[in-house]
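Taking it in order: structure first as structure tokens, then the write-up.
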């Protein structure tokens, strides 16, 4: 009896040891350059996951959409070419317009922390996963640095300067808003911006924050930019194929989720600091910064809110997520 009991205990200990030694290997693609602000915090994320897991989680991270185009990353994860997508939900608006309101609420929140509050404590995560889960993906978290700045090879003093302004735009609602204001948005991959500016295919770009634009070298060509940003606050996601995510040990899921939240906080702080440094340095490089007046910002917000209403009518999922944002905006007093 004693020998049987000892054997059972030994077997249980062996199984526990095997479980604790389970490894996870992930192939993840993002659309950031490793030198950018976002790229550098992604590098830290990978290192933190490796360290916290004692090497039991190994991430093969692909930068600058090096495996498939940015717009194809989500499907590449679903099909097994990759395991996770660390790009942007706006690339999936063709599947359902509701993805727009995961990626960028445009005219909604003023700060990245407000959006993160919606995701993490305002019911956003659950609503997002009601959109992702039927597509065999699980939303893990959001990473958002702050308001973005439009870059341009010509002045951008206010809405009047948007007339015939041909600029790189992400897909989705933004193209409609800017078209209504007289601009000519061109949807192209994030990685094509620099060459398109250099060759004159576009006049400017909605790429990212002031600091990220500096890292991309955009201001070597485009000598005009808006700051502080007003039009967009784009949020990249980490989303993994559901079967891959659910097959991980609970401890591995907790490590990845925690490391991603830390990455998101670092991105907010770094963006704040690096934007300030860029504001101080860019004028000496011949770059003019344009701070739009409250009236000009209101013109954009009005166009954005009209687009919100139109998009809410597109699908039931879009109506649900738009209403969730509206309710949370009121809850935190932003709509007053």
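The values are calculated or read from the model by the stated rules, or taken from the named source; none is laboratory data. Just so you know, these numbers come straight off a predicted model, no measurement behind them. Neighbour counts are summed over all protein chains in view; Cβ atoms, including those assigned to glycine, are modelled from backbone coordinates with ideal geometry.
Going by what's in this entry, would residue 204 be described as touching a residue at least 24 places away in the same chain (Cβ under 8 Å) and under 30 Å from residue 330 (Cβ atoms)?
For residue 204, the condition - touching a residue at least 24 places away in the same chain (Cβ under 8 Å) and under 30 Å from residue 330 (Cβ atoms) - is not met.
One line per residue, one yes/no per condition, for (1) under 18 Å from residue 30 (Cβ atoms); (2) touching a strand residue (DSSP E or B) at 6+ places or on another chain (Cβ under 8 Å); (3) assigned to a helix (DSSP H, G or I):
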{"residue": "160", "(1), (2), (3)": "no, no, yes"}
{"residue": "164", "(1), (2), (3)": "no, yes, no"}
{"residue": "238", "(1), (2), (3)": "yes, yes, no"}
{"residue": "251", "(1), (2), (3)": "no, no, yes"}
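Suppose we filter 317, 306 for residues that are more than 23 Å from residue 230 (Cβ to Cβ) and either touching a strand residue (DSSP E or B) at 6+ places or on another chain (Cβ under 8 Å) or surrounded by 14 or more Cβ atoms within 10 Å (Cβ to Cβ) (or both); which single one remains?
Just a single option satisfies the conditions, and that option is 317.
How many residues does the range 1-47 contain that are more than 23 Å from residue 65 (Cβ to Cβ) and at pLDDT 50 or above?
5
Take residue 327 and tell me if it is in contact (Cβ under 8 Å) with a residue 60 or more places away in the chain and either closer than 30 Å to residue 215 by Cβ or assigned by TED's automatic domain parsing to the domain that holds residue 158 (or both).
no
With modelled with pLDDT of 95 or more and buried (at least 23 other Cβ atoms within 10 Å of the Cβ) as the only criterion, which of 102, 68, 78 stands out?
After applying the criteria, what remains is 102.
Looking at the range 228-250, can you tell me whether even one residue there is free of Cβ contacts under 8 Å to residues at least 40 places away in the same chain, touching a helix residue (DSSP H, G or I) at 6+ places or on another chain (Cβ under 7 Å) and surrounded by fewer than 24 Cβ atoms within 10 Å (Cβ to Cβ)?
No, the range 228-250 has no match at all.
Can we say residue 228 is at negative phi and assigned to a loop (DSSP other than H, G, I, E, B)?
Judged against the criteria, residue 228 is a match.
Tell me the residue from 204, 215 that is out of contact with any strand residue (DSSP E or B) (no Cβ under 9 Å at 6 or more places or on another chain), crowded, with 19+ Cβ neighbours inside 10 Å, within 21 Å of residue 282 (Cα to Cα) and in the same structural domain as residue 314 (by TED's automatic domain parsing), please.
Exactly one residue qualifies, and that residue is 215.
Can you name every residue in the range 48-65 that is at pLDDT 95 or above and surrounded by 16 or more Cβ atoms within 10 Å (Cβ to Cβ)?
Listed by number, the residues that qualify are 48, 49, 50, 52, 53, 56, 57, 59, 61, 62, 63.
Would a scan of the range 166-174 turn up a residue that is on the phi > 0 side of the Ramachandran plot and either in a helix (DSSP H, G or I) or out of contact with any strand residue (DSSP E or B) (no Cβ under 8 Å at 6 or more places or on another chain) (or both)?
Yes; the residues of the range 166-174 include at least one that is on the phi > 0 side of the Ramachandran plot and either in a helix (DSSP H, G or I) or out of contact with any strand residue (DSSP E or B) (no Cβ under 8 Å at 6 or more places or on another chain) (or both).
Can you confirm whether the range 283-302 contains a residue that is in a helix (DSSP H, G or I) and under 23 Å from residue 143 (Cβ atoms)?
For the range 283-302, residues in a helix (DSSP H, G or I) and under 23 Å from residue 143 (Cβ atoms): absent.
Would you tally the residues in the range 43-83 being out of contact with any helix residue (DSSP H, G or I) (no Cβ under 6 Å at 6 or more places or on another chain) and not in a loop (DSSP other than H, G, I, E, B)?
Of the residues in that region, 16 qualify.
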